[in-house]
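Asker: Handing you a structure now.
Since every read-out is calculated from the coordinates, none of them should be taken as a lab result. None of these values were measured; they are calculated from a predicted model. Ideal geometry is used to build each Cβ from the backbone, glycine not excepted, and the neighbour counts take in all protein chains shown.
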Amino acid sequence: MTTVTMQVMTMGPGRLGPLTDVLVIGAGPAALAIAADLAERGLAITALAAGDPHTPWVNTYGIWCEEVDSLGLGSLLSHRWSDTVSYFGPGGNAPGGSAPGDNGLLQHGRAYGLFDKAALQSHGLDRCAAAAVRWQQGQAASWQQQDQAFVVTTTAGQQHRARLVLDASGHQSVFVHRRQDGPVAGQAAYGIVGRFSAPPISPGQFVFMDYRSDHLSEEERRQPPTFLYAMDLGDGRFFVEETSLALAPAVPFPLLRQRLLARLAHRGVRVEAIEHEEFCLFPMNPPLPDLNQPVVGFGGAAGMVHPASGFMVGSVLRRSPGLAAAIASAFNDPNPAPAAVAAAAWGALWPAEMRWKHGFYRFGLEKLMRFDEARLRHHFASFFSLPPQQWYGFLTNTLSPAQVLQAMAQLFALAPGDVRWGLMNLQGREPALMARLLTGG
C-alpha cells in the first residue's frame, strides 16, 4: 500500500479558517470513509479530529467476508475463517474437555473475516490525503449559523467555517440530536487476545455465538444471558470475548470478565498470557436522529449500528458513496441553502425503507432482551436455520422490507413454542414500537 503524506494543522484561538464545503467531525472508520468519498467528488473537505487522526484504532472490527469482498476491500482483512460455527445448546463437548451434553453446534457455512485495523485505517487516511482532505485538530464544542455557512468552535476557541457540518464523531456525537423514547440498550463485551493452556476453541475456527451455559449455576442462568465470540488468530494466539447482546443498563465489564474466565475454566483452559484486553460498549437501539436538523450525522452519530447484530463498519463503507453523491448533487445548486443540503443528505442516508427496517430491528431487539437464556438459545438456533441468504441479509441489513418480513414469517414457522409465544406476547414499550412501525411514526 502506498502511503500519502498527510499534514494535520491546528489553528490558533479566535482565528477563523477559510470556508470549506463540508466540515467532517471525527477520525474513525465513518469519518474517513465519508471525508474521502466527498473529496473524491471534487468538494473541499476539512476534517476535524479531536486528537491525532493517525492514533491507532483500539476496537476490533469483524465482518462477513462476502460483504467485504463485494466492496473490493478483501485485502484489508488480517484473517479469514471458513470454519464458522455457533453453539446454541445448554452444554457441550468443547476443546479442552467439558461436561457432556447437547452442545447445539451449528455450522454457518459462510466465511468470516477480521479487519487488519491498521490497514483499514491507513486505507482511509491514504484516500483522504490523495483527495486533498484538509485536517485540523481540536475538540468541536459548539456551532452557529452565519448567513449561508456554519461556524464550528472548538474547546480551544478555534473556529471553522463550512457550508455543511457532518458529524461522524461516534455514538456520543457532538452535535447530532435524537428524540428520547426510553432507555438505550448497550452491547457490552470484555475480550482477551492472548495465549492459553489449551485451545479455547477448535484450531482454525471462528465462533460467532457460543450460548452454552453449562459453566453457570442455576441462579446465574436466570441472570441476563451472555455468549462467547472467539477466533483462532494463529501461532497459538486466540481472541476470546464474552458478550452481552444488549441490555439497559448494560452488563458491567467485571461480570463479563468473570463469566469469560468461568467459561474457560469449565473447559479446562487457563489464560497464560494477555496481549490485549478489549472493553467494548456501544448503544444498540437508539432512536433515529431528528432528520430535520441542520447538522448531518454519519456512522454511530447517525444511529447506523444495526440493532439486530451490532454491525456497522460494512454498512458505513457500503452507504458512504451514496451519501456523498447526494451531498455533491445538492451542492450543484449555484447557491445551495444549508437546510436544503442537509435535507438531501438525511434523505439519502435514511430513506423510508431504511427507517422502517430500523424500527423493525429495534422492535425485534426489544423482544430478545426479554428472552431468558433458554428461549434465546432456541431463537438463535431457529434463526440460523433459515436459508443462508436470509439470515446473512438480515444481519447485514441488505434485505428489502418485504424480504425482512418473509424471513421473519419463516422464522416463526420454524421456531419452537416458547419462541413463538415470546414473539407474540407484547410487553413494556413493545406495543408503542409496534404502533410506530404500523403508522410510520
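Asker: Take Phe371, Phe380 and order them by how many other Cβ atoms sit within 10 Å, fewest up front.
Answerer: Details: Phe371 19, Phe380 24.
The order, fewest Cβ neighbours first, is Phe371, Phe380.
Asker: A further question follows. Suppose R0 equals 45 Å. What FRET efficiency, 1/(1 + (r/R0)^6) with r the Cβ-Cβ distance, do Trp356 and Phe253 give to the nearest 0.05?
Answerer: Details: r = 35 Å, r/R0 = 0.77.
E(calc), rounded to 0.05, equals 0.85.
Asker: I'd like the orientation of helix 253-266 relative to the chain: the angle between its Cα long axis and the longest Cα principal axis, in ° from 0 to 90, rounded to 10.
Answerer: The angle comes out near 40 degrees.
Asker: Oh, and also: Based only on Cα atoms, what mean projected area does the convex hull of the stretch 45-201 have, in nm²? Display every interim value, and only then the final one.
Answerer: Numbers: hull surface 58.1 nm².
Computing the convex hull of the Cα atoms and averaging its projections yields 14.5 nm².
Asker: Evaluate the Kirkwood expression for the hydrodynamic radius of the stretch 369-439, namely the inverse of the mean inverse distance over all pairs of different C-alpha atoms, and round to one decimal in Å.
Answerer: Values: mean 1/r = 0.0764 Å⁻¹.
It works out to 13.1 Å.
Asker: How far is helix 313-330 tilted, in degrees, relative to the longest principal axis of the Cα atoms in the chain, given as a value from 0 to 90 rounded to the nearest 10?
Answerer: The angle comes out near 20 degrees.
Asker: Between Glu278 and residues 5 or more places away or on another chain, which pairs have amide H atoms under 5 Å apart, with H built 1.01 Å from N, and which residues are they?
Answerer: Those lying under 5 Å, H to H, from Glu278 are Gly191, Ile192, Val193.
Asker: Using Cα-only point scatterers and the Debye equation, what is log10 of I(q)/I(0) for the chain at each q in 0.13, 0.14 Å⁻¹, rounded to two decimals?
Answerer: Debye curve over Cα of the chain, log10 I(q)/I(0) at q = 0.13, 0.14 Å⁻¹: -1.20, -1.34.
Asker: With an 8 Å cut-off on Cα pairs and a minimum separation of 6 or more residues, tell me the relative contact order of the stretch 369-439 in percent. List each step's numbers first, then the result.
Answerer: Details: 26 pairs, mean separation 25.9, N = 71.
It rounds to 36 percent for the stretch 369-439.
Asker: Starting from the alpha-carbon convex hull of the stretch 146-201, give the projected area averaged over all orientations, in nm².
Answerer: Working: hull surface 34.3 nm².
About 8.6 nm², averaged over all directions.
Asker: A further question on this structure: How far apart, in nm, are two points set 7 Å out from the Cα along the Cα-to-Cβ line at Arg110 and at Arg429?
Answerer: Placing both labels 7 Å beyond Cα along the Cβ direction yields 2.9 nm.
Asker: Next question. Taking R0 as 60 Å, what's the FRET efficiency between Ser202 and Gln180 from their Cβ-Cβ distance, rounded to 0.05?
Answerer: Working: r = 45 Å, r/R0 = 0.74.
Between Ser202 and Gln180 the formula returns 0.85.
Asker: Apply the Karplus curve 6.51 cos²θ - 1.76 cosθ + 1.60, θ = phi - 60°, to the phi angles in the stretch 40-52 and return the couplings in whole Hz, x for Gly and Pro.
Answerer: Whole-Hz 3J(HN,Hα) from phi for the stretch 40-52: 5, 9, x, 7, 7, 10, 10, 10, 10, 10, 5, x, 5.
Asker: Could you work out how much longer the chain between Asn59 and Gln389 gets when fully extended? Use 0.36 nm per residue separation minus the Cα distance between them, nm to one decimal.
Answerer: On the way: separation 330, 0.36 × 330 = 118.80 nm, distance 2.78 nm.
The Asn59-Gln389 span can extend by a further 116.0 nm.
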